[in-house]
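**Student:** Take this structure first; my questions come after.
The values are calculated or read from the model by the stated rules, or taken from the named source; none is laboratory data. Keep in mind that this is a model prediction, so the values were computed, not measured. As a convention, Cβ positions derive from the backbone with ideal geometry for all residues, glycine included, and neighbour counts pool all protein chains shown.
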């Protein structure tokens with residue numbers, strides 16, 4: 001009878017290089033999150049604003065061709081957008097003259113208000129358990145018994161958030177831009193608007209990086225995911241309400257810093273040329289500080305049980 | 001008593017338990033099966049936490065689903081540990097007793113008594129989160145027996161216990177059974193179950209493989225073919241003598257005639273015959289491997305039968321003399 | 001059912017709630033409104049009418065503080081037990097599920113109500129308003145109604161969607177209590193916010209001071225009717241939660 005060696009055996013095959021170790025964590029985390037049917041449903045629903053904005057692009061290009069009905073419909077559709085106020089007079093006169101500004105405004109509204117809000121819901125559905133679960137089940141001991149640094153671990157976890165956020169931000173925004181080009185009279189608009197594609201990517205990065213860092217920080221703070229979820233939602237809700245209150249009864253003024261959402265919006269507005277760099281610079285510094293603080297805290301939380 | 005009539009429980013497309021039909025009068029039973037065999041599902045059906053997809057469950061003659069009155073008569077010790085709690089064992093067991101609708105002062109006295117019974121008298125005031133795994137198992141047992149139920153249902157109570165803890169747990173359960181109380185004990189640790197009760201329910205893949213005492217199951221397995229392996233010299237003589245035995249269903253030489261393998265029906269007549277043949281002077285036996293009567297072995301045989309690795313007698317015809325290969 | 005068992009759950013949960021995280025969360029909730037109002041008043045203000053300031057305090061205490069508190073204490077009612085593996089120990093007790101639900105509901109509303117009372121008590125010490133005592137009484141009453149009604153709503157969400165209760169509670173609050181309650185149509189009368197808002201304006205006698213076109217967002221019914229509807233909503237939602245928790249299967253592990 002043959003005896004089979006079932007003990008530890010060295011790996012004789014070739015080893016992959018270590019630079020993409022985070023990828024394994026990211027791929028596994030994404031697969032696990034994808035099992036949640038509610039997340040899949042919300043991801044589909046998160047594309048609804050894209051349809052609305054797609055209609056706005058369609059109406060805009062139709063109004064360029066002097067369709068009065070399209071122009072009126074467009075004004076009706078976009079007049080509630082805060083950034084559209086200064087564009088409305090020109091939209092009535094000669095829409096073709098403000099294509100770049102108008103497209104920028106639509107994309108900013110899409111990313112700042114619509115997808116910015118959906119981002120909070122989507123991330124709250126899966127991110128609280130990303131590190132919490134590892135701490136709870138002590139799976140981090142398995143992770144760190146391999147050749148894996150804490151930064152690689154954090155990068156892998158962050159990429160799970162980034163991948164899902166990409167599905168509701170960068171992907172639909174890029175699709176909107178392509179749709180707008182397709183709906184325009186000729187391809188020469190590419191020359192006029194090519195930079196918007198890069199602005200989209202920059203604006204989504206400004207959303208995703210701080211959001212992923214903050215979500216990971218909350219996830220690492222506790223072993224109970226409901227506390228992490230509560231922290232995540234509270235941060236956005238409290239900030240938003242505080243901003244609204246201070247803006248309404250606090251005599252106006254620059255209260256963007258009390259809300260992470262508005263801080264992100266401030267930088268996005270600069271990316272789409274709606275704000276000056278001088279106005280957005282403090283917001284950029286604050287976002288960088290949030291990101292750095294969150295990541296350092298998350299890393300410290302992960303390493304604490306290993307040290308003890 | 002517990003009664004399951006052709007009970008099936010489906011979790012969407014996963015089968016928890018499959019067409020189980022059994023009746024358990026008061027007594028002590030070991031519920032044995034590998035992981036995923038449906039033990040916890042069966043217990044959850046009996047405690048009214050799950051509804052059967054098909055069939056009927058009766059506990060003390062009544063449907064346990066949503067029947068709070070029945071729960072007072074059951075003491076349940078689940079497998080999962082209640083973790084991360086900043087309360088003491090005494091507070092927790094008292095709390096659970098109060099939920100069993102026992103007045104507060106009496107609850108505290110009973111909780112104290114139960115914790116002392118499981119050996120936690122000196123540490124009952126410490127927070128649960130500071131307890132070892134073994135101590136948590138004891139608290140779980142204490143909360144199950146504190147309200148003095150008629151039936152005690154334990155799901156993997158030996159998990160995490162050290163040998164001394166296991167011994168103590170076994171003693172407590174033996175006393176429980178000796179007091180005439182009923183017990184359903186789910187476990188992987190077969191020999192510890194054997195020490196507490198001689199009656200078993202063997203589950204695998206959601207099906208009830210067998211039920212009864214080890215002797216009853218062994219008798220039932222008389223119809224099942226087992227393998228006997230012999231090694232040594234004089235094996236040709238053994239083969240020539242055994243090939244005509246009506247209980248030998250097949251016989252095969254090992255390389256160089258160093259041994260033989262026989263598929264047999266393990267009857268008393270076969271065993272007597274084999275003993276006589278092996279007593280012959282030309283036979284020097286080096287190794288004999290036969291199916292044993294231990295619970296472990298019975299379970300192993302049943303599992304093989306379930307997987308189709310061995311077959312029952314009906315599929316085989318005895319060998320005619322001279323047919324050995 | 002047994003009141004003593006509900007009381008036992010309440011006491012036990014109260015004891016468990018005295019953890020570091022929850023006390024910090026409670027302090028944040030209780031101090032959020034006073035800090036914000038202090039910030040507002042520290043700036044040179046345009047003249048703000050009394051009812052605008054009162055409405056802001058109402059939103060901060062009765063809506064934000066109560067809702068966030070209930071999101072922490074009420075929405076994870078089942079999830080917390082499932083996560084800490086304690087569900088099965090409670091569910092196998094006579095009427096254990098119902099006692100657990102009612103005891104935890106009482107615990108959640110008490111913590112949240114106390115946070116709201118603390119918030120308005122501190123705020124009313126320094127807020128510039130003519131009728132601060134009256135505002136205090138009204139906000140305390142509304143906080144009680146808000147805690148009870150939203151607590152019952154979140155508890156029902158927790159029972160129906162045990163693992164995603166917090167997400168659904170946030171979604172429901174944003175969509176219905178945030179957006180739909182401000183739609184000038186019949187649909188806004190179905191929201192809890194509509195009733196609470198109406199009560200504020202009636203009890204503070206601000207109904208006649210607000211612009212006529214904004215009155216469509218308020219109930220014309222006498223206050224007792226709004227209170228009755230709110231209590232009715234609370235009892236109905238709680239009853240629905242009690243029925244749902246009794247007839248739902250909660251999986252505590254794999255299908256072993």
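**Student:** Filter segment A:43-92 down to residues that are outside any helix (DSSP H, G or I) and free of Cβ contacts under 8 Å to residues at least 60 places away in the same chain and give me whichever is farthest from residue A:122 (Cα to Cα).
**Tutor:** A:66
**Student:** For segment A:242-292, enumerate the residues that are in a loop (DSSP other than H, G, I, E, B) and within 14 Å of chain C (Cβ to nearest Cβ). Give the steps one after another, and end with the answer.
**Tutor:** The first filter runs over segment A:242-292 and keeps only residues in a loop (DSSP other than H, G, I, E, B), leaving A:250-255, A:259, A:272-276.
Matches in segment A:242-292: A:250, A:251, A:252, A:253, A:254, A:255, A:259.
**Student:** A follow-up question, please. Could you identify the single residue in C:61, C:117 that is more than 14 Å from chain B (Cβ to nearest Cβ), in a helix (DSSP H, G or I), buried (at least 22 other Cβ atoms within 10 Å of the Cβ) and in contact with a helix residue (DSSP H, G or I) (Cβ under 6 Å, 6 or more places away or on another chain)? So that I can check it myself, show each step before the final result.
**Tutor:** Values: C:117 fails: buried (at least 22 other Cβ atoms within 10 Å of the Cβ).
Testing whether each residue is more than 14 Å from chain B (Cβ to nearest Cβ), in a helix (DSSP H, G or I), buried (at least 22 other Cβ atoms within 10 Å of the Cβ) and in contact with a helix residue (DSSP H, G or I) (Cβ under 6 Å, 6 or more places away or on another chain) leaves just C:61.
**Student:** Of all the residues that make up segment B:100-119, how many are more than 31 Å from the chain's Cα centre (by Cα) and within 9 Å of another protein chain (Cβ to nearest Cβ)?
**Tutor:** Qualifying residue count, segment B:100-119: 4.
**Student:** Just checking, which of A:239, A:229 is at the interface with chain C (Cβ under 10 Å from one of its Cβ atoms), under 30 Å from residue C:163 (Cβ atoms) and touching a residue at least 12 places away in the same chain (Cβ under 8 Å)?
**Tutor:** Details: A:239 fails: at the interface with chain C (Cβ under 10 Å from one of its Cβ atoms).
The conditions single out A:229.
**Student:** Looking at (1) closer than 30 Å to residue B:43 by Cα; (2) touching a residue at least 12 places away in the same chain (Cβ under 8 Å); (3) within 14 Å of chain B (Cβ to nearest Cβ), which one does residue C:107 not meet, given that it meets all the others?
**Tutor:** For residue C:107, the failing item is (1).
**Student:** Follow-up question, since we're still on this one. Give segment A:268-301 a look and list any residue that's touching a helix residue (DSSP H, G or I) at 6+ places or on another chain (Cβ under 7 Å) and closer than 29 Å to residue A:222 by Cβ, or say none.
**Tutor:** Answer for segment A:268-301, where residues must be touching a helix residue (DSSP H, G or I) at 6+ places or on another chain (Cβ under 7 Å) and closer than 29 Å to residue A:222 by Cβ: A:283, A:286, A:287, A:290, A:291, A:294, A:295, A:297, A:298, A:299, A:301.
**Student:** In the list B:23, B:68, B:37, which residue meets the criterion of being at the interface with chain C (Cβ under 8 Å from one of its Cβ atoms) and touching a strand residue (DSSP E or B) at 6+ places or on another chain (Cβ under 6 Å)? Don't jump to the end; show me each part of the working.
**Tutor:** Working: B:23 fails: at the interface with chain C (Cβ under 8 Å from one of its Cβ atoms); B:68 fails: touching a strand residue (DSSP E or B) at 6+ places or on another chain (Cβ under 6 Å).
Matching residue, one of B:23, B:68, B:37: B:37.
**Student:** If residue A:11 passes every condition in (1) under 30 Å from residue A:133 (Cβ atoms); (2) at pLDDT 90 or above but one, which one does it miss?
**Tutor:** The number of the failed condition is (2).
**Student:** A further question follows. Which condition does residue C:42 not pass, out of (1) within 27 Å of residue C:192 (Cα to Cα); (2) without any contact (Cβ under 8 Å) to a residue 60 or more places away in the chain, if it passes all the others?
**Tutor:** Only one criterion is unmet by residue C:42, namely (1).
**Student:** Another one. Is it the case that residue B:74 is within 12 Å of chain C (Cβ to nearest Cβ) and buried (at least 20 other Cβ atoms within 10 Å of the Cβ)?
**Tutor:** Working: within 12 Å of chain C (Cβ to nearest Cβ): yes; buried (at least 20 other Cβ atoms within 10 Å of the Cβ): yes.
Yes, satisfied.
**Student:** Looking at A:43, A:69 in this structure, which one is surrounded by fewer than 18 Cβ atoms within 10 Å (Cβ to Cβ) and under 19 Å from residue A:176 (Cα atoms)?
**Tutor:** Values: A:69 fails: under 19 Å from residue A:176 (Cα atoms).
Of A:43, A:69, the one residue that is surrounded by fewer than 18 Cβ atoms within 10 Å (Cβ to Cβ) and under 19 Å from residue A:176 (Cα atoms) is A:43.
**Student:** On to the next question. Pairs please, first residue from segment C:69-91 and more than 7 Å from every other protein chain (Cβ to nearest Cβ), second anywhere and surrounded by fewer than 24 Cβ atoms within 10 Å (Cβ to Cβ) and outside any helix (DSSP H, G or I), Cβ atoms under 7 Å, 6+ apart in sequence or on different chains.
**Tutor:** C:78/C:162; C:78/C:250; C:82/C:162; C:82/C:250; C:82/C:252; C:87/C:250; C:87/C:252
**Student:** Also, I was wondering about something else. Any chance segment A:219-231 includes a residue that's touching a helix residue (DSSP H, G or I) at 6+ places or on another chain (Cβ under 6 Å), under 22 Å from residue A:294 (Cβ atoms) and part of a loop (DSSP other than H, G, I, E, B)?
**Tutor:** Scanning segment A:219-231, I find at least one residue that is touching a helix residue (DSSP H, G or I) at 6+ places or on another chain (Cβ under 6 Å), under 22 Å from residue A:294 (Cβ atoms) and part of a loop (DSSP other than H, G, I, E, B), so the answer is yes.
**Student:** Of all residues in segment B:137-158, which are surrounded by fewer than 18 Cβ atoms within 10 Å (Cβ to Cβ) and either within 22 Å of the chain's Cα centre (by Cα) or in a helix (DSSP H, G or I) (or both)? Working first, answer last.
**Tutor:** Of all residues in segment B:137-158, those surrounded by fewer than 18 Cβ atoms within 10 Å (Cβ to Cβ) come to B:148, B:150.
Result: B:150, single match.
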